[in-house]
Amino acid sequence: LSDRKKMSSSRKHHLKSLMLQIAQGLIAEEEAQSLEDRKQYMSENIAPLQLTGSVAELQDLCKKMHQKIDVIDEERYDLGSKVGKSDKEIEDLQIKVQDLKGKFKKPVLKKVRMSADAMLQALLGSKHKVSMDLRSNLKQVKKEVKEEDKESVGDWRKNIEDKSDRKKMFETTKE
């Protein structure tokens, strides 16, 4: 950073004034272009005004113009509502993109030791009296020891002989 030369304040001021002059020129060109576009649109879409005629013809002309104004106002309103909906959708999508990027840092939460009763009371409020005695809700299960299991475990030699017979069956079928 120290290798770069710092710009003097007079140089900064001069560059800023040049940028402002360029921006003013661009704004003036843009205004002239929009005025030209407006004149071109008016000449294409609106017939030249002819005021020669009677009062009845002028009233008819006013009625036609009012009808055209109503149609244009409806179009303007419809376009405005479409733009509003699009802006809202864009905003929602930008929020979703930010959420997906994960720019938001999750705050570090403190570890709190709390019993289940205290947690329920904090969640539900003090009006609800709920006790969390989970053991009272459990079913009582009686353990039954099966005698068959004891016999099969006790006679392990018989099981090995049965399995060796099976092994011999498979060996003979392979040949």
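Check every one of the helices (runs of 4 or more DSSP H) wholly within the range 71-175 and list those with 1 or more residues that are out of contact with any strand residue (DSSP E or B) (no Cβ under 9 Å at 6 or more places or on another chain), modelled with pLDDT of 75 or more and loosely packed, with under 10 Cβ neighbours inside 10 Å.
The helices (runs of 4 or more DSSP H) meeting that bar are 116-124.
Read through the list (1) at negative phi; (2) open to solvent by less than 100 Å² (accessible area, probe 1.4 Å); (3) not acidic (Asp, Glu), then give the number of the only condition that residue 21 fails.
For residue 21, the exception is condition (2).
Restricting the first residue to the range 98-109 and requiring it to be on the phi < 0 side of the Ramachandran plot, which pairs with a second residue that is at pLDDT 70 or above meet a Cβ separation below 7 Å and a spacing of at least six or different chains?
Going by the 7 Å Cβ cut-off, there are no qualifying pairs.
If I ask for residues that are β-branched (Val, Ile, Thr) and under 26 Å from residue 72 (Cβ atoms), which ones from the range 1-51 would you list?
Hit for the range 1-51 is 46, nothing else.
The values are calculated or read from the model by the stated rules, or taken from the named source; none is laboratory data. The structure displayed is predicted, hence computed values, not measured ones. Reconstructed Cβ throughout: ideal geometry from the backbone, glycine too, with neighbour counts over all protein chains shown. With ligands, DNA and RNA removed, areas are computed over all heavy atoms of the protein, side chains included. Shrake-Rupley method; radii C 1.70, N 1.55, O 1.52, S 1.80 Å.
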